[in-house]
Amino acid sequence: MACVYLAQCAEYRTDLLDAAVAEAFEVLGLDEKIQPGMRVVIKPNLIMRSKSEAGIITHPAVTAAVGRRVKARGASVLIAESPGGPYSPGIMKSNFAHCGYTAMAQENGFELYTACASREVTAPKAQRCRQFTIVEPFLTADLIIDIAKLKTHGMMLFSGAVKNLFGTVPGLLKPELHCRFPEKQPFAEMLVDLCERIAPTISIIDGITAMEGNGPTGGSPRFVGVLGVSENPYALDDVCCRVVRIDPQDVLYLSHAVERGLYRPQEIETLGASVQSLYVPDFKMPDSASVDFLDRLPRFLRPMASKLTTPRPYIPKSKCVGCGKCAESCPVQTITIRNHKAQIDPSKCIRCFCCHEMCPQHIVEIRRFSLFNL
Ligand code: SF4
Ligand code: SF4
């Protein structure tokens, strides 16, 4: 049976976070997993350079509280991450600094990984993807702690502990995986293969300030006030989905994990605060969320309606500054920069929404035709 601990947290205050992490680790028996001398690698979500208030990255105060607990057990802490876009020591140093991680790490005696080495490995239990290139510390750590951010996600609907591990693949190799698995279902299966290969010992979700709407980077910060902890990343994502009223079975990687017997939703035990006490009934979904009214149309109209309502990325030229980050992240190179403006060739677009995710100006919209506007 998988256990998930939910702590209600009103704010990112050091004393509250230390208490919540201590309680969760004690209740779930996680302290014993961390032994003196171990090298513990923490994987936060630092998808892009962002301030913690924006609800995009794992708040440095949460990572600090977890790292302090690890150090109190006599282990060392290394924080490693690979955001989207190019992955180099200079970029990582700048990202860590901008996200508030450099100061936090210095204050707490943690190390930041900036060497940016990676290597190819096989995933023996894989069902969809058997080869991955992984950032080195995730292959040599004595123990991995995955600290995700609770967010909506344009392609996967929800981003939590499982999706966060996509950041163990170095920067520009992520678009390659999007290219190999352009459809949602195989992509979701690949994420489960990756999660099984990384096998974090402890998974945590920072949902104190979450992101609703067009996540994982273009949505709005939303106070949810929850910190979730579990040994099982699928069970943790399942429970956090329920808090924000997302049906976990609509999240393809979770339904696939259930099929593979990696967790049983009906057997999850929730400890600490209840899901009901944390409910956010009106959490906004991404514009790309599936269109359920198609089922109500006559069968012969559904293919056309489905085509018309399929969400697509749209770049408003007047707001584009021509930085090229979207083109860099596009797995099928269907974005070109002309006269300092990005332009999408829709014929090749696989609708992965990496451009939406990686635009630092957050201007890439997700649009679909409305049947009612025809
Ligand atoms: S990342 Fe955003 S601002 Fe930069 S070129 Fe692309 S759409 Fe324009
Ligand atoms: S244009 Fe955007 S959504 Fe389309 S394939 Fe490129 S990155 Fe993905």
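Extension gain for the segment residue 130 to residue 336, taken as residue separation times 0.36 nm less the Cα-Cα distance, is 70.9 nm to one decimal.
Each label point was placed 7 Å from the Cα along the Cα-to-Cβ direction; for residue 289 and residue 115 their separation is 4.4 nm. Geometric descriptor of region 213-271, per residue, is 101 Å³ (volume of the convex hull of the Cα atoms).
Counting only residues at least eight positions apart within a chain, or on another chain, the lysines with an alpha carbon under 26 Å from that of residue 71 are 33, 43, 51, 93, 149.
Per-residue ellipticity at 222 nm computed for the chain from its helices equals -8500 deg cm²/dmol, with DSSP H segments shorter than 4 residues left out and the rest contributing -39,500 (n - 2.57). Of interest is the spacing of the C-alpha centroids, which for region 1-54 and region 163-189 amounts to 26 Å. Cα centroid separation, region 196-222 to region 226-289: 12 Å. Listed by chain and number, the lysines whose C-alpha is less than 18 Å from the C-alpha of residue 341, apart from same-chain residues fewer than 8 away, are 317, 319, 325. Scoring 38-50, 353-365 by mean Cβ neighbours within 10 Å over their residues and listing the highest first yields 38-50, 353-365. Each peptide in 130-136, 276-282 gets a packing score, the mean of other Cβ atoms within 10 Å over its residues, and the list from highest to lowest is 130-136, 276-282.
On the principal axes of its alpha-carbon atoms, the chain has extents of 62, 45, 41 Å, going from largest to smallest. The convex hull drawn around the Cα atoms of region 1-121, when projected onto a plane and averaged over every direction, covers 8.9 nm².
No value in this document is a laboratory result; all are computed from the given coordinates. Worth saying up front: this structure is predicted, and the values here are computed from it rather than measured. Quick reminder, even Gly has a Cβ in these numbers, built from the backbone with ideal geometry, and neighbours come from all protein chains shown.
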